[in-house]
Amino acid sequence: MKVKNLIGCVVLIATLLVGCNRSGEKNFHLTTSSTPAGGNPPASTAAPPRAAPGISYADVVSRVAPAVVTIHSQMRVRQPQQFPFMDDPFFRRFFGERTQQAPPERTRQALGSGVIVSQDGYIVTNHHVIDGADQIKVDLTDGRSFDAKLVGSDPPSDLAVLKIEASNLTMLTLGDSDRTRIGDVVLAIGNPLGVGQTVTMGIISAKGRQTGLSNGSFEDFLQTDAPINQGNSGGALVSTNSELIGINSQILSPSGGSIGLGFAIPSNMARTVLEQLINNGKVRRGQLGITVLKIPSEEASQLGVTQGPGVVVYQVQGGSAADRAGLRQGDVISALNGTAITDPNTFRNSIASISPGTEVTLTVRRDGSERQVRATLGEFIPQAARPE
């Protein structure tokens, strides 16, 4: 995704954080203080100032850091065949029976992070950290290394669950991400650029963000200015109460490095996906079959809707749950099961969190009057899984 700043001509690139291709080299430049050329450092006659009592998060870090792991994924990348037509008998008549060498294979290694969420070895990370991996290894902070099994992966939310054979592990408790506030202090923990486990501090900068990168765009990101970089993917975003409130996933950057625009999948979304992947190996999501618009917006005004609350129906898919329930273009949906609707993204995620086949009640305003509409949800099918 590229956005061009018309004033400064800066190109911003939204980046998934699984960095550190091991085939490349990393160069680090360290700057040290130095003494004046040709002489000794100037003597100081003043006593050094006494350090004032400061705020430390060392106790929080000591509790949560052992639950954050490093993930190494390895996948085979096959080179394309140079002469694939040689398998055709027609061409063998002219070129003879030649021994065709097998195309060489190369491996690609990637580095990410993960969070232990159970004492018996379940680990949550990003889908893009392990996507296509043939081999996955997990390194713990105590020096142990384990082969990991993929329990399940969910591209629409960019989450995956791994399992290692271990017990009595330090784990993180999933907190309530809905209770986080803009301005809350948070810590990001992971393995950026392969330098080793790193802790950074920042605040919650915004909630309910979308970037459009995840497959399916079930996004409700917590935005943070805690510095995160490539390799932090799948790592922990924790509160000062030592609760896991997010899984670090993406950054927005002109260079690929942190500029203070990081995005984490909220723990409440991660909890729902985690439970379904462990219990069923996949995630099932409810679907109404409508496209809704924000109020106010230009498109909503074209439908004659200029004020809310709620969202306005722009399109109804034929044969969908919404179609069977009688929803129409121009209907304003103000509540789902009695809970007020504030924006299209929250509404979509709320519907997706309900199991297919469940009946829901929508509060709908049409032609100046309000009514209750009941609909039985269908099932969302990811684009990649749909039949041609």
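General remarks:
- For the range 322-334, the set of residues classified as more than 14 Å from E379 (Cβ to Cβ), of a type in the set (G, A, S) and buried (at least 17 other Cβ atoms within 10 Å of the Cβ) consists of A325, S334, listed by residue number.
- Taking the range 109-129 as the range and being open to solvent by less than 10 Å² (accessible area, probe 1.4 Å), assigned to a strand (DSSP E or B) and modelled with pLDDT of 95 or more as the test, the residues that pass are G112, S113, G114, V115, I116, I123, V124, T125.
- Qualifying residue in the range 365-383 (condition: part of a helix (DSSP H, G or I) and not acidic (D, E)): yes
- Residue check, N241 crowded, with 24+ Cβ neighbours inside 10 Å and over 18 Å from T346 (Cα atoms): no
- Pairs, first more than 25 Å from G308 (Cα to Cα) in the range 353-367, second open to solvent by 30 Å² or more (accessible area, probe 1.4 Å) and in a loop (DSSP other than H, G, I, E, B), C-beta under 7 Å, six or more apart: S355/R284; P356/R284
- Hits in the range 342-357 (condition: open to solvent by 50 Å² or more (accessible area, probe 1.4 Å) and touching a strand residue (DSSP E or B) at 6+ places or on another chain (Cβ under 8 Å)): T346, R348, S353, S355, G357
- Taken over the range 245-261, the criterion of being aliphatic (A, V, I, L, M), over 14 Å from the mean Cα position of the chain (by Cα) and crowded, with 20+ Cβ neighbours inside 10 Å is satisfied by no residue.
- Residue within the range 274-281 that is free of Cβ contacts under 8 Å to residues at least 40 places away in the same chain, over 28 Å from the mean Cα position of the chain (by Cα) and open to solvent by 50 Å² or more (accessible area, probe 1.4 Å) present: no
- Index of the failed condition, G319 passing every other in (1) open to solvent by less than 90 Å² (accessible area, probe 1.4 Å); (2) on the phi < 0 side of the Ramachandran plot; (3) not hydrophobic (A, V, I, L, M, F, W, C): (2)
- The range 305-314, residues that are open to solvent by 30 Å² or more (accessible area, probe 1.4 Å), over 14 Å from L327 (Cα atoms) and touching a strand residue (DSSP E or B) at 6+ places or on another chain (Cβ under 9 Å): G308, P309
- Any hit, the range 130-143, residues being open to solvent by less than 10 Å² (accessible area, probe 1.4 Å) and closer than 25 Å to R63 by Cα: yes
- If you go through the range 157-211 and keep only what is among the β-branched types (V, I, T), crowded, with 17+ Cβ neighbours inside 10 Å and not in a loop (DSSP other than H, G, I, E, B), you end up with V161, V186, I189, T198, V199, T200, I204.
The values are calculated or read from the model by the stated rules, or taken from the named source; none is laboratory data. These numbers were taken from a predicted model, which means no experiment stands behind them. Neighbour counts are summed over all protein chains in view; Cβ atoms, including those assigned to glycine, are modelled from backbone coordinates with ideal geometry. These area figures cover heavy atoms from the full protein model, side chains too; ligands, DNA and RNA do not enter into them. Shrake-Rupley method; radii C 1.70, N 1.55, O 1.52, S 1.80 Å.
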